[in-house]
Amino acid sequence: MKPRIYYTKPSITDLEVRYATDAAANGWGDRCYEYINRFEAAFKAHLGVGYAIATSSCTGALHMGMAALGIGPGDEVILADTNWIATAAPIVHLGATPVFVDILPDTWCLDPALVEQAITSRTKAIIAVHLYGNLCDMDRLLAIGEAHGIPVIEDAAEAIGSIYHGKRAGSMGLFGAFSFHGTKTLTTGEGGIFVTNDPELYEHVLTLSNHGRARGQTKQFWPDMVGFKYKMSNIQAAIGCAQMERIEELIGRKREILCYYRERLASLSGVSMNPEPAGIAIGAWMPTVVSDTIANVTLASLKHAFVVANIDARVFFHPLSSLPMFESQPSNEVAWDIPRRAINLPSYHDITDEEQDRVIATLEAVFIHASAREE
Ligand SMILES: *Cc1c(COP(=O)(O)O)cnc(C)c1O
């Protein structure tokens, strides 16, 4: 059997190892926050935002941000049905209700018209998740938010490197959250970051992030409120600093991998991939193939072909409303339909052309076989 092709794996060089080793050996005492401060500064500069707080996860960053907005029992938060559970879990933990709306068939992100319809007097936030690095229609979402006095939050966990008309994903909403989990474009193993341009929100989340201890508080061990403990360690931040020095390379390589797939799969009829409309550049976290229903390709046949070829291929996110803990909402037709005919392709930075060719050949075999059956 040919060697396994993994769908993601981090890009780690001597630089990451060197910084992590330095943090482990020397990053204590006076220097215990050095890499964290550096990492936050580098991330702010990259994104063009005023404030950043490194966290232990994106989930934690979302949890604290929404807690700071006062979201709690009785409140509703609107998000796309197509999503990873991490965006919905903090809403539930805060005692609020996630409201799942359908996605657009081309970007696989929130449908703004349906967002507007879903707004009630209880709506406290809209979360724009930039799925697989594709971009939400931010102009419309921000306009809807403004018209109704509802903040738009960006879950940009998958969208490092994605640019919407000159603005980076994560920098446009009231706050943004990123993930540095090992599968993401930039990694610290586990980790995340909260970003905002709002000084008051920043102070509030900073206090929450330090177990409720305000930075102006002169009494030692004196929390002013019950907060959270979602901090990034200095050792994780050291790896992050190395990754930030390589950020353009990391994003560039992801884009190159998507382009390679896109060019070589263009001739397959009935197949679409991550869209990149005018004015938008995507970070290309997760190259994804969606087949037309007419192409007669089933998810089962795709998955089977990849297993046989020893290639990791991930299923498209299940609609959250199909999970047992939420109310079933098959009326979100696009979100319920696309996973039946879509697959994520391997895209780790070190993937070779030969490995991508193997993925492409596997896809081609399934599609050509399917169209032969159709005739
Ligand atoms: C990965 C991911 C998260 C969760 O990130 P963690 O760092 O694992 O908490 C949240 N939202 C989306 C869209 C993600 O892809």
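The values are calculated or read from the model by the stated rules, or taken from the named source; none is laboratory data. This structure is a prediction, so every number in the text was calculated from the model and none was measured. Cβ atoms come from the backbone with ideal geometry, glycine included; neighbour counts cover every protein chain shown.
Here are the numbers for the structure shown:
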quantity	calculated
Matching residues in the stretch 155-184 - criterion: being assigned to a strand (DSSP E or B) and more than 10 Å from the ligand (Cβ to nearest atom)	I163, Y164, K167, R168, F175, G176
Of all residues in the stretch 214-236 being at pLDDT 95 or above and among the hydroxyl-bearing types (S, T, Y), the one that is farthest from A24 (Cα to Cα)	Y230
Failed condition for S267, given (1) without any contact (Cβ under 8 Å) to a residue 40 or more places away in the chain; (2) assigned to a loop (DSSP other than H, G, I, E, B); (3) under 28 Å from D81 (Cα atoms)	(3)
The lone exception for D353 - which of (1) surrounded by fewer than 16 Cβ atoms within 10 Å (Cβ to Cβ); (2) farther than 27 Å from K9 by Cβ it fails	(2)
Residues that are closer than 16 Å to M286 by Cα, assigned to a loop (DSSP other than H, G, I, E, B) and touching a helix residue (DSSP H, G or I) at 6+ places or on another chain (Cβ under 8 Å), drawn from the stretch 323-366	L345, P346, S347, H349, I351
Among residues of the stretch 83-95, those that are β-branched (V, I, T) and near the ligand (Cβ under 10 Å from one of its atoms), counted	2
Single residue of the stretch 310-322 satisfying the filter (in a helix (DSSP H, G or I) and polar (S, T, N, Q)) that is farthest from V101 (Cα to Cα)	S322
Options L79, L104: the member that is under 16 Å from A128 (Cα atoms) and either at pLDDT below 95 or within 12 Å of the ligand (Cβ to nearest atom) (or both)	L79
Identity of the residue in the stretch 270-309, hydroxyl-bearing (S, T, Y) and assigned to a helix (DSSP H, G or I), that ends up surrounded by the fewest Cβ atoms within 10 Å (Cβ to Cβ)	T293
Any hit, the stretch 144-153, residues being under 30 Å from G74 (Cβ atoms) and within 16 Å of the ligand (Cβ to nearest atom)	yes
Filter result (touching a strand residue (DSSP E or B) at 6+ places or on another chain (Cβ under 8 Å) and free of Cβ contacts under 8 Å to residues at least 60 places away in the same chain) within the stretch 298-335	L299, K303, F306, V315
The stretch 133-143 - residue that is within 16 Å of the ligand (Cβ to nearest atom) and more than 15 Å from the chain's Cα centre (by Cα) and, of those, surrounded by the most Cβ atoms within 10 Å (Cβ to Cβ)	L141
Test result for F228, touching a residue at least 60 places away in the same chain (Cβ under 8 Å), crowded, with 17+ Cβ neighbours inside 10 Å and in contact with a Cys (Cβ under 9 Å, 6 or more places away or on another chain)	no
Residues being within 16 Å of the ligand (Cβ to nearest atom) and either among the charged types (D, E, K, R) or closer than 17 Å to G227 by Cα (or both) - total across the stretch 185-206	4
Segments classed as helices (runs of 4 or more DSSP H), wholly inside the stretch 13-102, with at least 2 members that are among the aromatic types (F, W, Y)	34-47
Single match in K44, K2 (criterion: at pLDDT 95 or above and of a type in the set (D, E, K, R))	K44
Check on Y19, within 21 Å of S209 (Cα to Cα) and at pLDDT 95 or above	no
Contacts under 8 angstrom Cβ, first residue in the stretch 55-74 being closer than 28 Å to G189 by Cα and at pLDDT 95 or above, partner away from the ligand (no atom under 12 Å from the Cβ) and among the aromatic types (F, W, Y), 6 or more apart	G60/F228; H63/F228; M64/F228; G65/F175; A67/F228
Within the stretch 107-132, considering residues that are more than 16 Å from the ligand (Cβ to nearest atom) and part of a loop (DSSP other than H, G, I, E, B), the one nearest to E154 (Cα to Cα)	D111
